[in-house]
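The values are calculated or read from the model by the stated rules, or taken from the named source; none is laboratory data. Every value quoted in this text rests on a predicted model; they were computed, and no experiment measured them. Using ideal geometry, Cβ is built from the backbone for each residue, glycine included, and neighbour counts are taken over all protein chains shown. To get the accessible areas, we keep the full protein, side chains included, count just its heavy atoms, and leave off ligands, DNA and RNA. Shrake-Rupley method; radii C 1.70, N 1.55, O 1.52, S 1.80 Å.
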Amino acid sequence: MWLEAGREGQVFTYANPQRLAVGSGDLVRLRLRGRRHIGLVVDTLPLLPAALEGKELVAIEGLHQSAAVDPGWQALITAVAEQCHTSRFRTLKAALPPGWLGQRAARASQQPRRRIRVEAIPDWDHSQLEPASLTDRQAQALVILLEQGGTAWLSELTQHPGISRAVVEGLERRGRVRRRTLTDAEVQSSPGSRLPTVLPLDNARSLTADQARALAAIAQAPAGQTLLLWGVTGAGKTEVYLQAAAQELQAGRSVLLLTPEIGLIPQLLDRSRSRFGDQVLEYHSGCSEGQRIATWRRCLSAGAGRPLVVVGTRSAVFLPMAELGLIVLDEEHDSSYKQDSPMPCYHARDVARLRAQRCGAKLLLGSATPSLETWLACKGPEPACWLLRLPQRIGSRPLPPVRLVDMRQELAEGHRRLISRPLMERLETLKDRGEQAVVLVPRRGYSSFLSCRSCGEVVQCPHCDVALTVHRQKGGREWLRCHWCDHREQIAERCGHCGSTAFKPFGAGTQRVMEQLESELEGLRLLRFDRDTTRGRDGHRRLLEQFASGEADVLVGTQMLAKGMDLPDVTLAAVLAADGLLHRPDLRAGEQSLQLLLQLAGRAGRGDRPGEVLVQTYCPDHPVIRHLVDGRYEAFLEEELQLRRSAALVPFSRACLRRLAGPSPGGTATAAAALAERLRPAVQAANWLLIGPAPAPVARVAGRSRWQLLLHGPTSGNLPLPQEAELRAGLPREVSLAIDPDPLEL
């Protein structure tokens, strides 16, 4: 029996006096040192080993899930663990549904799951948060609740620092909120949790010649083949996915459709359900634990002749789908496919490739702006990845032209406002034309930071080495918030450094842009689309449905706004402060910035009316901005490849990051230095370079000091690293270690 004991898990022998029908791969309920666990059966013994004769064995208590892990799936887990330099047990626990392995799982399985929903009382004017009526914690909890549309699950609300059940109970006693307890069945049937009604199934749409050629190539590809569907925005990649999926379903094989973020799930899920009905399931962190377990079990029980389509995010790549015929990674370039914590630090694209090769499925990568690694795999006489192109939009609609606003010129002419005159003039015409716009703002919140104008001191998070962001409620109340550890505090009356009262917020977030647009463009209807407003179940769907139904003229949001959404009435896509995306100290800054800007440009002009893109920048001659204007992404990739090749940088080399974190800056630095010295001989012998240790770019998060070591070496061969357990053996218990092979951010 494989149990959660220590970091790696341990194998123990248990008795089966009830003669339960259990075998290798089953999950069973049992106890370890009196504590309830769920463990994995790794073998059944016909005879008791001699070493255990005469000893009383603890008995298993019951079967939790039969055939949860089959040999083929376990082999995939082993391969991922080796690739990520972590233990098989840690990888197995990360892959299984939450609560299916370990102590927490056993506690959760003892009684029917109930969830408590917290709802703001609608009759109150919640903008009134006087200290006399509410404590600081209660006001903070109410602000969070209102940001999520006035309702949230208690379990999610109490994950915020400082928000406990007692805080919520205090709000309930004051009549500001109410609590409702729901069973799993009631959760499924409650508004916002119910699956959309499935209408009569849609027929496949007519394909363009380019789409038809791509679909034929996918059908003819051999088992295990990787293909890149490179199509401009609005070229109809999703229709190709769905028709390729239909071919697999007809052949009795299942399909996995992955998107990088939950915000993209609603549209893909709705289109899949309208085409395939109840064969479609969803699996992502926005689902309840009960829903994810139900999806996992349905995948386990789906045999021959009952193929499924699962729409999910990164974690869905591990679903145990038998007879898997096709894996699709939409927006394959997106960094959200890479997990950087906790371990295992896997990339869903790499896991999908491993899985496709093992089970004979085809792997289809889709993007309008493919990653440099994928593009490189398409080159050469015998490329590992086949390239399929969709060079034109559906209906031969033109790509929107890009117009630059030089903010230096705006400033020289006396216009010092956040929103330029050309953008204001264009937004003023939206309502009369019956059009919509999306506006990208790099940051959420009201202002990027708060600074004292007397001494220049910036208000920092007490737990992290980052500035606190200013947030503002509709009633005008402001507070400070850390976007790393979620610490929140009131704005002090005086500077803690010099005592001055001269505070001023700097920079602009989504809230401030909304405020300025509301004040200067009367009658313009606005919606905010960022992490603060899309929290809670179906938060993304709710806002996108409001916008798509014409309830707002402008959608103001952060980077999630640019990703894959099909909004046919949008004719204007605008970018504020594009320079904040360009000047990051990161190898991939140029690539990721251009991908984001081109993806945002692709939101405009997808319907019958032509679109345009307006970009505010202080650097109109920057190479990324030039490539955005001319739209030649392939030329950018070629230039970037030459630069990386000449400097022997990724993807012409490999990297591995080791992150250490501990409560003491000195202790963590010492542990990092000792680890570096232990690794140096093997690293040098393999002709790799060890860089560091050095403080992480954000050297302290949630009170823990962070240091890192970087390995850099050739693409051939394995990483010159011992097993995770050996690396941890020399570290103090209070210092954590994360191993991130092929990191996307350094």
Which one of these is under 30 Å from residue 279 (Cβ atoms), in a loop (DSSP other than H, G, I, E, B) and modelled with pLDDT of 85 or more: 193, 206?
206
Pairs with Cβ under 8 Å, 6+ apart, first in segment 269-297 and charged (D, E, K, R), second open to solvent by less than 30 Å² (accessible area, probe 1.4 Å) and assigned to a strand (DSSP E or B)
273/280; 282/310; 282/311; 282/312; 292/283; 297/65
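Taking segment 14-57 as the search range and keeping residues that are under 14 Å from residue 4 (Cα atoms) and over 37 Å from the mean Cα position of the chain (by Cα), which one is least open to solvent (accessible area, probe 1.4 Å)?
By that ranking, first place goes to 34.
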Flagged in segment 122-169 as open to solvent by 70 Å² or more (accessible area, probe 1.4 Å) and modelled with pLDDT of 80 or more, in numbering order, are 137, 165
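Identify, please: which residue in segment 325-341 is in contact with a Pro (Cβ under 9 Å, 6 or more places away or on another chain) and part of a strand (DSSP E or B) and is, among those, surrounded by the fewest Cβ atoms within 10 Å (Cβ to Cβ)?
For segment 325-341, the residue satisfying everything is 338.
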Among the residues of segment 391-402, is there at least one that is within 30 Å of residue 578 (Cα to Cα), touching a residue at least 24 places away in the same chain (Cβ under 8 Å), touching a strand residue (DSSP E or B) at 6+ places or on another chain (Cβ under 8 Å) and basic (Lys, Arg)?
no
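Out of all the residues in segment 634-655, is one or more buried (at least 17 other Cβ atoms within 10 Å of the Cβ) and within 30 Å of residue 468 (Cβ to Cβ)? Step through it out loud before you land on a result.
Taking segment 634-655 and keeping what is buried (at least 17 other Cβ atoms within 10 Å of the Cβ), we get 636-637, 640, 644, 650-651, 654-655.
With the extra rule that they be within 30 Å of residue 468 (Cβ to Cβ), the set shrinks to none.
Looking through segment 634-655, none of the residues is buried (at least 17 other Cβ atoms within 10 Å of the Cβ) and within 30 Å of residue 468 (Cβ to Cβ).
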Take the residues of segment 555-613 that are among the polar types (S, T, N, Q) and within 26 Å of residue 650 (Cβ to Cβ): which is nearest to the chain's Cα centre (by Cα)?
559
I'd like to check something: does segment 591-601 contain any residue that is at pLDDT below 85 and more than 17 Å from residue 553 (Cβ to Cβ)?
no
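Results for (1) touching a strand residue (DSSP E or B) at 6+ places or on another chain (Cβ under 7 Å); (2) acidic (Asp, Glu), shown as yes or no for each residue.
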residue: 545; (1), (2): no, yes
residue: 551; (1), (2): no, yes
residue: 565; (1), (2): no, no
residue: 583; (1), (2): no, no
residue: 595; (1), (2): no, no
residue: 604; (1), (2): yes, no
Hey, residue 568 hits all of (1) in a loop (DSSP other than H, G, I, E, B); (2) open to solvent by less than 30 Å² (accessible area, probe 1.4 Å) but one; which does it fall short on?
(2)
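One line per residue, one yes/no per condition, for (1) in contact with a strand residue (DSSP E or B) (Cβ under 6 Å, 6 or more places away or on another chain); (2) farther than 19 Å from residue 245 by Cα; (3) aliphatic (A, V, I, L, M):
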site: 281; (1), (2), (3): yes, no, yes
site: 284; (1), (2), (3): yes, yes, no
site: 291; (1), (2), (3): no, yes, no
site: 300; (1), (2), (3): no, yes, yes
site: 311; (1), (2), (3): yes, no, yes
site: 315; (1), (2), (3): no, yes, no
site: 324; (1), (2), (3): yes, no, yes
site: 344; (1), (2), (3): no, yes, no
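In this structure, does residue 574 turn out to be among the small types (Gly, Ala, Ser), open to solvent by less than 30 Å² (accessible area, probe 1.4 Å) and on the phi < 0 side of the Ramachandran plot?
On the way: among the small types (Gly, Ala, Ser): yes; open to solvent by less than 30 Å² (accessible area, probe 1.4 Å): yes; on the phi < 0 side of the Ramachandran plot: yes.
When the stated conditions are applied, residue 574 passes them.
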Can you give me the number of residues within segment 475-502 that are on the phi > 0 side of the Ramachandran plot and either outside any loop (DSSP other than H, G, I, E, B) or within 37 Å of the chain's Cα centre (by Cα) (or both)?
2
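Is it true that some residue in segment 706-727 is over 18 Å from residue 84 (Cα atoms) and surrounded by 13 or more Cβ atoms within 10 Å (Cβ to Cβ)? Spell out the reasoning first.
Restricting attention to segment 706-727, the residues satisfying the condition of being over 18 Å from residue 84 (Cα atoms) are 706-707.
Okay, now just the ones that are also surrounded by 13 or more Cβ atoms within 10 Å (Cβ to Cβ), so 706-707.
Yes, the conditions are met somewhere in segment 706-727.
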For residue 86: the one exception among (1) β-branched (Val, Ile, Thr); (2) touching a helix residue (DSSP H, G or I) at 6+ places or on another chain (Cβ under 8 Å); (3) more than 29 Å from residue 729 (Cα to Cα)
(3)
